[in-house]
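Everything below concerns the one structure shown next.
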Amino acid sequence: MRRFAALYSALDASSGTTAKVGALAAYFDDTDAADAAWALHVLLGKQGKRLITGRRLREICLADSSLPEWLFDDCYAQVGDSAETIALLWRQLQPEAPAAPGGRDGHGNGERQETLAAEPLHRWLEELLPAAAALEGEAQAEAVRELWLGLSANELLVANKLLTGGLRVGVGPGLVLRALAQLSGLETALLQHRLMGGFSPSPQAYRHLLAPANQTEAVPSRPYPFFLASPLEDLPPGAAEDWLAEWKFDGIRGQLIRRAGQAFLWSRGEELINGAFPELIAAAACLPEGTVLDGEVLVWPQGSDRPAPFGQLQRRLGRKAPGRALLAACPAAFVAYDLLEWQGDDWRQRPLRQRRAALESLISELQQATPTPAAGLLRLSPRLPLTAWDQLEPLRQQAAAAAAEGLMLKDLDSPYRAGRRRGAWWKHKRDPYTLDAVLLYAQAGSGRRANLFTDYSFGLWDGDGRLVTFAKAYSGLDDGEITALDRWIRQHTTERFGPVRAVEPLQVFELAFEGLQQSPRHKSGLAVRFPRIRRWRHDKPAQEADTLATALALLERGPC
Amino acid sequence: MALPAGSLLELTPQGLYCPAAGAWIDPQQPVPRALITHAHADHARPGCGEYWAIGASETILRQRLGATINLIPVDYGALHRIGDARVSFHSAGHVLGSAQIRLEAGGESWLVSGDYKRCADPSCTPFAPVTADVFITEATFGLPIYRWQSGATVAGEILSWWQAAPERPSLLFAYAFGKAQRLLAELAAIGVAEEVLLHGAVEALMPAYREAGVVLPPTRAVSALAKGESLAGRLVIAPPSAHRSVWMKRFKQPQTAFVSGWMAVRGARRRRGYERGFVLSDHADWPGLIRSVKQSGARQVYVTHGNSDGLARYLREVEGLSAAPLAGQGGP
Ligand SMILES: [Zn+2]
Ligand SMILES: [Zn+2]
């Protein structure tokens with residue numbers, strides 16, 4: 001556990017990806033499979049289980065101490081994280097250790113007490129932590145204190161985060177896999193492939209993950225790793241005819257698999273979503289055995305020429321098993337844009353030109369051979385006319401009208417790769433919508449921004465000259481602006497509602513957002529997608545901020 | 001809370017005032033007579049008629065307030081009669097030449113801590129416990145989450161951080177006066193003899209420290225480097241204001257760290273955008289504050305700077321002392 005805590009602080013302290021990958025590789029290289037399996041599980045963000053509440057840990061920390069509850073609250077307000085507050089306070093409550101240099105993570109106390117920190121990580125996660133969680137009352141407090149005994153501040157933090165299920169490491173699965181690839185000599189794509197079928201933190205599973213390439217047996221549900229597009233910066237090389245242009249739909253990425261007489265739908269978040277989309281699973285039954293499609297899951301009303309806004313898809317995503325009414329109100333479709341496996345063969349190394357041709361004939365044959373409503377849910381992503389680069393911008397301008405987020409450009413001669421690799425797939429988003437709105441409310445952030453007001457609510461003018469709350473935004477300002485705005489908020493608070501402060505409606509901000517749709521649940525009648533602050537309009541008085549009418553007009557017209 | 005009428009000290013718009021001595025302590029605005037705890041800008045301001053301060057701070061005070069100020073240098077522990085008061089300066093262990101100021105008149109004694117710390121610091125004299133009837137203490141780090149490790153431990157962490165990056169410059173951000181020199185002295189104390197590069201603002205303070213005989217590694221201003229001289233593997237100390245400034249552009253792919261007591265909290269480091277934070281403070285930590293309050297033997301404690309409400313409440317409710325926050329005093 002000590003070594004894992006040291007890895008945690010090394011990852012926390014390094015900013016470059018090379019340094020992070022290096023720290024990860026060094027850790028895994030020097031760790032046995034039982035511990036490595038658990039470390040991987042935690043690093044992949046799968047250890048979300050809360051064993052003990054933060055409140056209970058705080059109770060245990062404060063028991064028999066002279067620290068009053070209100071002082072804990074003051075500390076928490078400063079730290080913004082209960083596991084970290086407890087870690088800092090627990091050290092404080094221990095008798096002062098003789099200061100001496102040394103110790104692995106720099107918090108050494110010279111002669112360290114015999115401590116459970118030396119126990120392996122797997123023992124902590126399989127045995128010690130669950131055992132403490134299963135106890136109650138004083139017995140539990142005693143067990144937790146025993147876990148804490150002699151831990152450094154950083155080890156305490158990691159232990160508390162594992163107990164409360166809130167350990168976020170700040171490295172994506174991609175970096176973790178790069179480290180494992182470096183170590184095993186396997187391709188990250190292969191590792192990703194093996195992981196997507198699920199990973200249980202056992203030494204067997206870990207060894208299996210890193211086993212030489214030919215030893216893996218087939219798993220029918222196993223998806224291929226997704227290939228991800230990068231934002232377009234310059235025009236791609238070559239002639240426009242060698243590129244496939246498609247709409248970039250605002251749904252969720254999906255992989256539809258037909259193998260071994262079964263069908264599977266995976267989301268990009270490596271989640272099997274069969275339950276949420278039963279009609280797509282039924283539709284996949286029409287596909288020939290040994291077929292894998294890459295595409296977009298959308299809500300697409302019958303007879304409509306465009307998909308519904310993302311909000312409707314969100315209603316579907318929220319349900320593990322949708323009811324009949326929801327299925328009727330928000331019917332799903334799968335818009336296919338790539339063919340990854342055909343007749344049981346992996347087609348990913350073939351050029352897109354060939355995959356696309358096969359996909360086109362597959363979908364059209366399907367619709368002719370089985371003209372059932374089910375088959376109709378499998379659509380082909382249309383190929384947009386692009387023969388010269390000067391057609392690109394006019395196409396992008398039409399994206400809003402097609403209810404798309406923008407364009408996709410794909411190199412017709414490229415294979416289907418894994419992960420985000422620049423060069424073959426580009427996304428070219430349309431311009432975001434923008435509106436100038438007035439700051440109305442502010443709230444302190446959480447975690448690292450706990451003592452600053454960083455969560456803002458903005459309003460637009462209605463027809464009666466009142467400001468109506470319209471969007472919340474958390475990001476888009478730089479550190480200097482955040483600090484300046486925080487100071488301004490403190491000086492211009494008009495009312496407090498718990499943690500929320502109402503401020504004088506004076507400051508105007510330009511907000512950018514990706515989508516806008518009508519919503520009876522919102523006061524303004526509008527729901528916005530991905531709102532963020534684009535700039536602080538010091539130059540604009542609040543009276544000149546935008547109105548709800550302007551926003552409604554955007555809704556109809558699209559941006560531009 | 002204001003001070004009771006007729007006290008030895010009172011709060012005026014210019015700051016803490018002692019009528020018996022006709023003197024202000026660390027006044028915020030120009031006054032005829034100022035008693036200065038130390039040369040940090042929020043404690044020593046220009047324009048006063050007369051300055052009383054520890055001799056070791058003279059060079060820096062003249063540098064900052066003007067060479068011609070009327071300064072009366074004093075020694076630690078010496079008793080001075082100023083007006084009707086007896087005044088003495090006692091080591092605060094905060095920075096070079098920092099003092100607590102004790103005033104006595106009419107049978108009552110008050111002790112004003114200024115900024116202070118209890119950890120050993122090779123760049124200045126240690127805190128000297130002094131007793132008084134009334135103690136005015138700072139509380140910059142007045143929360144129990146703050147508890148410091150020794151300077152040697154932190155210097156060891158910094159050294160390994162620096163040595164782990166032989167291909168990159170290591171930029172260490174620290175307050176230019178006090179913290180930067182303490183860092184250098186702590187590094188020297190664990191055996192660092194390699195040259196350290198300094199931002200101009202830090203370099204300006206070095207003569208005063210060398211004059212005072214503080215043991216330091218060799219240093220050079222970054223501006224004195226030859227053009228094209230490699231910065232890889234070099235340790236550079238700069239004030240926080242240089243972080244992400246134009247000045248920083250000359251360093252290729254530096255690793256950055258901030259040295260401050262605030263770095264004890266992870267969120268504080270991330271918010272400032274440093275990769276690494278080293279926890280080293282020239283202010284008292286929570287145990288240091290409590291210990292100093294107790295050692296002062298004061299029957300009344302006033303708390304200023306930082307978490308004054310919280311520390312005062314703790315002293316009242318948990319330690320059973322008579323304590324109150326002191327209103328009207330600026331931040332640290
Ligand atoms: Zn100071
Ligand atoms: Zn100060």
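Structure data summary
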{"quantity": "Elements of type strands (runs of 3 or more DSSP E) in the stretch A:493-556, at least 2 residues being free of Cβ contacts under 8 Å to residues at least 12 places away in the same chain", "calculated": "A:493-497"}
{"quantity": "The stretch B:274-327, subset of a type in the set (Asp, Glu) and not in a helix (DSSP H, G or I), residue nearest to the other protein chains (Cβ to nearest Cβ)", "calculated": "B:275"}
{"quantity": "Close pairs from the stretch B:129-141: first within 14 Å of chain A (Cβ to nearest Cβ), partner more than 16 Å from ligand 2 (Cβ to nearest atom), Cβ under 6 Å, at least 6 apart", "calculated": "none"}
{"quantity": "Condition check for residue A:158: closer than 30 Å to residue A:210 by Cβ and either modelled with pLDDT under 85 or assigned to a loop (DSSP other than H, G, I, E, B) (or both)", "calculated": "no"}
{"quantity": "Selection status of residue B:125, more than 30 Å from residue B:254 (Cα to Cα), at pLDDT below 95 and under 18 Å from the mean Cα position of the chain (by Cα)", "calculated": "no"}
{"quantity": "Residue satisfying condition, being assigned to a loop (DSSP other than H, G, I, E, B) and within 16 Å of ligand 2 (Cβ to nearest atom), within set B:67, B:53, B:41", "calculated": "B:41"}
{"quantity": "Check on residue B:45, open to solvent by 50 Å² or more (accessible area, probe 1.4 Å) and within 14 Å of ligand 1 (Cβ to nearest atom)", "calculated": "yes"}
{"quantity": "Whichever residue in the stretch B:128-155 is hydrophobic (A, V, I, L, M, F, W, C), assigned to a loop (DSSP other than H, G, I, E, B) and surrounded by 23 or more Cβ atoms within 10 Å (Cβ to Cβ) and, among such residues, is farthest from ligand 2 (Cβ to nearest atom)", "calculated": "B:145"}
{"quantity": "Any hit, the stretch A:124-131, residues being assigned to a helix (DSSP H, G or I) and small (Gly, Ala, Ser)", "calculated": "yes"}
{"quantity": "Count of residues meeting criterion [closer than 26 Å to residue B:210 by Cβ and open to solvent by 10 Å² or more (accessible area, probe 1.4 Å)] in the stretch B:92-113", "calculated": "1"}
{"quantity": "Restricting the stretch A:341-369 to residues that are under 19 Å from residue A:259 (Cα atoms) and in a loop (DSSP other than H, G, I, E, B), the residue that is most open to solvent (accessible area, probe 1.4 Å)", "calculated": "A:343"}
{"quantity": "Residue in the stretch A:388-398 that is polar (S, T, N, Q), in the same structural domain as residue A:297 (by TED's automatic domain parsing) and not in a loop (DSSP other than H, G, I, E, B) present", "calculated": "yes"}
{"quantity": "Some residue of the stretch A:254-264 being of a type in the set (Lys, Arg) and farther than 17 Å from residue A:418 by Cβ", "calculated": "yes"}
{"quantity": "Residues located in the stretch B:168-178, provided they are open to solvent by less than 10 Å² (accessible area, probe 1.4 Å) and either within 13 Å of ligand 1 (Cβ to nearest atom) or in contact with a Lys or Arg (Cβ under 6 Å, 6 or more places away or on another chain) (or both)", "calculated": "B:169, B:177, B:178"}
{"quantity": "Lone unmet requirement of (1) among the hydrophobic types (A, V, I, L, M, F, W, C); (2) under 30 Å from residue A:194 (Cα atoms); (3) not in a helix (DSSP H, G or I) for residue A:52", "calculated": "(2)"}
{"quantity": "Tabulated pairs, the stretch B:14-38, first within 14 Å of another protein chain (Cβ to nearest Cβ) and within 16 Å of ligand 2 (Cβ to nearest atom), second open to solvent by 10 Å² or more (accessible area, probe 1.4 Å) and assigned to a loop (DSSP other than H, G, I, E, B), C-beta under 6 angstrom, 6+ apart or interchain", "calculated": "none"}
{"quantity": "One residue from A:290, A:275, A:295, A:261 being open to solvent by 10 Å² or more (accessible area, probe 1.4 Å), over 17 Å from residue A:192 (Cβ atoms) and touching a residue at least 40 places away in the same chain (Cβ under 8 Å)", "calculated": "A:275"}
{"quantity": "Cross-chain or 6+ apart pairs with Cβ under 6 Å, the stretch A:370-383 first and closer than 19 Å to residue A:409 by Cα, then in a helix (DSSP H, G or I)", "calculated": "A:380/A:363"}
{"quantity": "Residue that is at pLDDT below 90 and either at the interface with chain B (Cβ under 10 Å from one of its Cβ atoms) or surrounded by 22 or more Cβ atoms within 10 Å (Cβ to Cβ) (or both), where the choices are A:78, A:47", "calculated": "A:78"}
{"quantity": "Qualifying residue in the stretch A:130-147 (condition: within 30 Å of residue A:17 (Cα to Cα), of a type outside the set (A, V, I, L, M, F, W, C) and at pLDDT below 95)", "calculated": "no"}
{"quantity": "Odd one out for residue B:271, checked against (1) more than 30 Å from residue B:132 (Cα to Cα); (2) in contact with a strand residue (DSSP E or B) (Cβ under 6 Å, 6 or more places away or on another chain); (3) part of a helix (DSSP H, G or I)", "calculated": "(2)"}
{"quantity": "The lone exception for residue B:97 - which of (1) within 16 Å of ligand 1 (Cβ to nearest atom); (2) without any contact (Cβ under 8 Å) to a residue 40 or more places away in the chain it fails", "calculated": "(2)"}
{"quantity": "Leading residue by the ranking (most open to solvent (accessible area, probe 1.4 Å)) among those in the stretch B:249-286 that are more than 16 Å from ligand 2 (Cβ to nearest atom) and of a type in the set (S, T, N, Q)", "calculated": "B:253"}
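Residues are listed down the side, and each one gets a yes or a no for (1) outside the structural domain of residue B:244 (by TED's automatic domain parsing); (2) of a type in the set (Gly, Ala, Ser); (3) within 16 Å of ligand 2 (Cβ to nearest atom):
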site	(1), (2), (3)
B:87	yes, no, no
B:97	yes, yes, yes
B:117	yes, no, yes
B:124	yes, no, yes
B:170	no, yes, no
B:188	no, yes, no
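One line per residue, one yes/no per condition, for (1) assigned to a helix (DSSP H, G or I); (2) away from every other protein chain (no Cβ under 14 Å); (3) surrounded by fewer than 19 Cβ atoms within 10 Å (Cβ to Cβ):
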{"position": "A:38", "(1), (2), (3)": "yes, yes, no"}
{"position": "A:67", "(1), (2), (3)": "no, no, yes"}
{"position": "A:72", "(1), (2), (3)": "yes, no, no"}
{"position": "A:86", "(1), (2), (3)": "yes, no, no"}
{"position": "A:92", "(1), (2), (3)": "yes, no, no"}
{"position": "A:95", "(1), (2), (3)": "no, no, yes"}
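The values are calculated or read from the model by the stated rules, or taken from the named source; none is laboratory data. Model, not experiment: these values are computed from the prediction. Backbone-built Cβ (ideal geometry, glycine too); neighbour counts: all protein chains shown. The protein model used for the area step is the full one, side chains on, heavy atoms only, and it has no ligands, DNA or RNA in it. Shrake-Rupley method; radii C 1.70, N 1.55, O 1.52, S 1.80 Å.
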